[in-house]
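> To start, I am sharing the structure in question, which I have written as structure tokens.
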Amino acid sequence: MTSATLHQHPAPELEPGKVILELRSLEKKYPGTHALKPVNLAFRSGEIHAIVGENGAGKSTLIKLLTGVMPRTSGDVIWEGDPVALATPHEAMGLGINAVHQEVVLCRHLTVAANMFLGEENVRYGLLQQRAMVRDAQKIINDLGFNLPAHAMLGDLTIGQQQLIAAARATVRGTKFLIFDEPTAYLTRKEADQLFALIRRLKAEGVTIIYISHRMEEVFELADRVSVLRDGTYVGTRNIKETDEAELVRLMINRTIEQIYHKDAFPIGKTILEARQLSGKGFENVSMTVHEGEIVGLYGLIGAGRSEFVTTLYGRHAKSSGTVLWDGKEVHIRSEHDAIKLGMALAPESRRDQGLCLNLPVGLNLNLPIYKSISKGLLISGSEETKHAEQQIAGLRIKTAGRHALASSLSGGNQQKIVIGKWLNHGAKLFIFDEPTVGVDVGTKAEIYRLFSTLLSQGAGIILISSYLPEVYELADTLHVFRRGKLVATHGFHTASHEDILTQALAEKQEKPGGQP
Amino acid sequence: MSTEAIPAEKPKRNYNALFGLTLLALLVLLWILLSFSTSSFATANNISNLLRQGSMIAILAVGQTFVIITGGIDLSVGAVVGFATVTTAMLINSGLPVFVAILITLLIGVAIGLFHGFGIVKMGLPPFIITLATLTSLRGIGLLMTNGNSISINNDAFQEFSRGSFVGVPNLFWMVILVGVPAYIFLHHTRWGRYLFSVGSNAEAARLSGVNVQRTIYMAYTLSGLCAAFVGVLLASRIGIGNPTQAEGWELQAIASSVIGGTSLFGAVGSVHGPLLGAFILATINNGANLLNVNAFWQRVITGVLIIVIVYFDGLRRRGSK
């Protein structure tokens, strides 16, 4: 490691809030990795303390230690003046430490109320007081201004709404110390605002909030202080008022904020794909073309029909009407297999559910689309298999113990690199990236964008779906705005303002209360 | 950022092979213990007998493992074995050449597997349900065909086969090798093997990567059906009769062998050598218990305990090595 450890800045004093939790030389080693080097840090009651860092910087490890999910290797944790073991999640919760995770970990088949009180049910004479629980849950939800039905099945809510419930749940449990891990990754702006209101309210009640996010504007909007981790090392803490994005990014990646949104202009070539008045489940009458060397951006809220449109193009769902032309000729894509054969590649929205075989090796995941071409007769060529996997691991700088390591052992950003990397050996012509940088740090983002340029330079076309406006705004040559299943506007590169695009995507009354996505 | 130091430590690359060695060690240990504690274990006669006992379950376990790797289960294999003894007996007795009779029986196994694939892929039935339905109805069909009687096979050469041996090794054990080697190559060195794993791990991700998930599921159940029909032929040869109630509970022994051999019932984890070793470990325990005059009822209890112990320790090790 570099000498970064020496540059530790003493945590600046700002607020008078007393220290609730203090880390003394807290350290975590896994076999082969030093996930968290000794960190000294104090959290005060009633502060919103952001923690930023790239994927693999040690944020997840820190959370796991604080919530008792993993034992620490060495060091002390002082809770309200006394050393604590934090050996089990139960112990952490008993102290008042709770976490809201990026992926909702609740029971989809239970009602909102049942989830709110899971493990702390209202029981009288051995019987559940269901009606009382629904009533109490509804009161809490209303108090928070969420406008969601407490008797609904959790699974019937959108991911964003589920996330709000997960947050609300944490508030009813005598929480003194609440960790949010990328809570807004799947939220709409409105939902995010509701969540922020909740967070500020908790702060006012004296709860310590740890807020982990890759979105800098959120950090600056919410946090009082921010701590930076890099490569498992604690780099420093800043008062939010005394720092800026440039400094944080520099601390995080140890290099100045060069162009993150790296965009080279490539000559726009022939038309690769044309969709004419395509309709299907979740979208209607969408027409667009993708050319060689072009990034076509699809912007809109989650549930606006962008993902449905591309998965239909890709043959996952049947279209109901319209035509698709590939290379100028009409094609009928009936399955993913057909699409891949034409030369399409899809890096889907959800890494876990659609992108990866988590309990299989990195190498197998990378080679999955190309096993046919690396087989000689019946047998897979072992050397080709190794070669292609190692090539992507090295080329994309995937941080892994090796191609035999399970995909689940990698951090989110590195998993995302696999989802993308598996298509690079395939020689596809049209790449569809659905939210490629959700939950991915700045450094990995820049790498992914640079990869786009490489693909474009080779004459490929790209469809880029994103809910993060700066991303599509800075990268897309053509930007289509989706709203409720329709393509409502099309812009060239930087030909419209952020505000205009946002307005087009949002429209009035874009959300039904408690409604379906 | 400087050049990222990719952790250079060696991953547990041949995890499967390692687990295989542990099982092999267990098997050898059992054999050594039994050789010392009984006089009759280490005789050529008994060893041949043990190999014969284990062989058929071993072959079933291989087919079963393909299915379990996809995240499914095949409860029908015992019934398929029983049914296959009936068809083999009837076809041979009808005067058809033996190899034609065998071929037709194997095709019936394939057809049953395709039916399972159809039920799962096209009808959307859970594997447990469709194969459970086959289990009971196939026994019934067999009983209807035979009127509940056993059919004696009047072909001595056919029956000789299962008693014979080649270079000192029982023919039945050669059959394990005949199935095991291609199965090993299929699972670990062909793309279809990889597809089985990928479907078991995350069918949606596999599909979006261009894997034909439906075909892969058809393939797994077809191979399981084929293995079961093949075992039916072997059993018919061994007992010289066709009887639909034979091989009662073999599906559970096959699943147990597979699980002892390191296959995960959640899918995506498994090998060919593991279930083979698992089958012979079970056979050794039964054989040893017989020689030691342990009450036959206890053997079932021991098998159950063994499943828990082995799978528990395997799980511990897996978690530990993460």
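The values are calculated or read from the model by the stated rules, or taken from the named source; none is laboratory data. Just so we're clear, the structure is a prediction, and the values are computed from it rather than from any experiment. Note that each Cβ is placed from the backbone with ideal geometry, even for glycine, and that neighbours are counted across all protein chains shown.
> Of the residues B:GLY210, B:GLY242, B:GLY232, B:GLY225, which is buried (at least 19 other Cβ atoms within 10 Å of the Cβ), within 14 Å of chain A (Cβ to nearest Cβ) and of a type in the set (Gly, Ala, Ser)?
B:GLY210
> Among the listed residues A:GLN138, A:GLN102, identify the single one that is surrounded by 14 or more Cβ atoms within 10 Å (Cβ to Cβ) and modelled with pLDDT under 85.
A:GLN102
> OK, next. Being away from every other protein chain (no Cβ under 14 Å) and of a type in the set (Lys, Arg) is the filter here, so list the residues in the stretch A:322-346 that pass it.
Hit for the stretch A:322-346 is A:LYS329, nothing else.
> If you take just the helices (runs of 4 or more DSSP H) that sit entirely in the stretch A:123-217, which of them hold at least 2 residues that are more than 27 Å from A:ILE240 (Cα to Cα)?
Counting at least 2 such residues, we get A:130-143, A:159-171.
Matching residues to (1) more than 22 Å from the chain's Cα centre (by Cα); (2) assigned by TED's automatic domain parsing to the domain that holds A:TRP326; (3) closer than 28 Å to A:PRO361 by Cβ:
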{"site": "A:ALA394", "(1), (2), (3)": "yes, no, yes"}
{"site": "A:HIS404", "(1), (2), (3)": "yes, no, yes"}
{"site": "A:ALA407", "(1), (2), (3)": "no, no, yes"}
{"site": "A:GLY459", "(1), (2), (3)": "yes, yes, no"}
{"site": "A:HIS494", "(1), (2), (3)": "yes, yes, no"}
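> For residues in the stretch B:67-104 being touching a residue at least 24 places away in the same chain (Cβ under 8 Å) and assigned to a loop (DSSP other than H, G, I, E, B), which is surrounded by the most Cβ atoms within 10 Å (Cβ to Cβ)?
Checked the stretch B:67-104; the qualifying residue surrounded by the most Cβ atoms within 10 Å (Cβ to Cβ) is B:ASP74.
> Right, another one. Are any residues in the stretch A:51-65 among the aliphatic types (A, V, I, L, M) and touching a Leu at 6+ places or on another chain (Cβ under 7 Å), and if so, which ones?
Matches in the stretch A:51-65: A:ILE51, A:VAL52, A:ALA57, A:LEU62, A:LEU65.
> Can you tell which of B:GLY274, B:GLY262 is touching a residue at least 24 places away in the same chain (Cβ under 8 Å), under 17 Å from the mean Cα position of the chain (by Cα), more than 21 Å from A:GLU385 (Cβ to Cβ) and within 14 Å of another protein chain (Cβ to nearest Cβ)?
None of the others qualify; the one that does is B:GLY262.
> Of (1) crowded, with 23+ Cβ neighbours inside 10 Å; (2) more than 14 Å from chain B (Cβ to nearest Cβ), A:SER453 satisfies all except one. Which?
(1)
> Any residue that is in contact with a Lys or Arg (Cβ under 9 Å, 6 or more places away or on another chain), farther than 30 Å from B:ALA44 by Cβ and assigned to a helix (DSSP H, G or I) - is there at least one of those in the stretch B:209-224?
Yes.
> From A:LYS319, A:LYS422, A:LYS387, A:LYS372, which residue is more than 12 Å from chain B (Cβ to nearest Cβ), in contact with a helix residue (DSSP H, G or I) (Cβ under 8 Å, 6 or more places away or on another chain) and basic (Lys, Arg)?
None of the others qualify; the one that does is A:LYS319.
> Would you check which residues across the stretch A:43-80 are surrounded by fewer than 16 Cβ atoms within 10 Å (Cβ to Cβ) and farther than 21 Å from A:GLU205 by Cα and list them?
The answer is A:VAL69, A:PRO71, A:THR73, A:SER74, A:ASP76, A:ILE78.
> If you don't mind, another one. Scan the stretch B:171-189 and give yes if some residue there is assigned to a helix (DSSP H, G or I), polar (S, T, N, Q) and touching a residue at least 60 places away in the same chain (Cβ under 8 Å), otherwise no.
No.
> Moving to a separate point now. If B:ASN202 passes every condition in (1) surrounded by fewer than 23 Cβ atoms within 10 Å (Cβ to Cβ); (2) touching a Lys or Arg at 6+ places or on another chain (Cβ under 9 Å); (3) closer than 28 Å to B:GLY124 by Cα; (4) not hydroxyl-bearing (Ser, Thr, Tyr) but one, which one does it miss?
All conditions pass for B:ASN202, except number (1).
> Shifting gears a bit: Return yes or no: is A:PRO83 touching a Gly at 6+ places or on another chain (Cβ under 7 Å) and either surrounded by fewer than 20 Cβ atoms within 10 Å (Cβ to Cβ) or assigned by TED's automatic domain parsing to the domain that holds A:VAL228 (or both)?
no
> Quick one: would you say B:ALA296 is of a type in the set (Gly, Ala, Ser) and surrounded by 22 or more Cβ atoms within 10 Å (Cβ to Cβ)?
No: the conditions fail for B:ALA296.
> Which of the residues that make up the stretch B:176-207 are of a type in the set (A, V, I, L, M) and within 12 Å of chain A (Cβ to nearest Cβ)?
B:ILE185, B:LEU187, B:LEU196, B:VAL199, B:ALA203, B:ALA205, B:ALA206
> Given the residues B:LEU51, B:LEU33, B:LEU23, which is the only one that is modelled with pLDDT under 95, surrounded by fewer than 17 Cβ atoms within 10 Å (Cβ to Cβ) and either within 14 Å of chain A (Cβ to nearest Cβ) or in a helix (DSSP H, G or I) (or both)?
B:LEU33
> A further question on this structure: Out of the stretch A:416-449, which residues are aliphatic (A, V, I, L, M), under 20 Å from A:HIS262 (Cβ atoms) and in a loop (DSSP other than H, G, I, E, B)?
Hits for the stretch A:416-449 are A:LEU424, A:VAL438, A:VAL440.
> Which members of the stretch A:347-368 meet the condition of being under 22 Å from A:ILE465 (Cα atoms), surrounded by 18 or more Cβ atoms within 10 Å (Cβ to Cβ) and at the interface with another protein chain (Cβ under 7 Å from one of its Cβ atoms)?
Within the stretch A:347-368, A:PRO348, A:GLN354, A:GLY355, A:LEU356 qualify.
> Looking at the stretch A:200-219 only, could you name the residues that are surrounded by fewer than 18 Cβ atoms within 10 Å (Cβ to Cβ), of a type outside the set (Asp, Glu) and farther than 17 Å from A:ILE159 by Cβ?
A:ARG200, A:ARG201, A:ALA204, A:GLY206
> Let me ask something additional. Out of the residues in the stretch A:390-415 that are more than 9 Å from chain B (Cβ to nearest Cβ) and in a loop (DSSP other than H, G, I, E, B), state the one that is surrounded by the fewest Cβ atoms within 10 Å (Cβ to Cβ).
Once the filter is applied, the top-ranked residue is A:LEU396.
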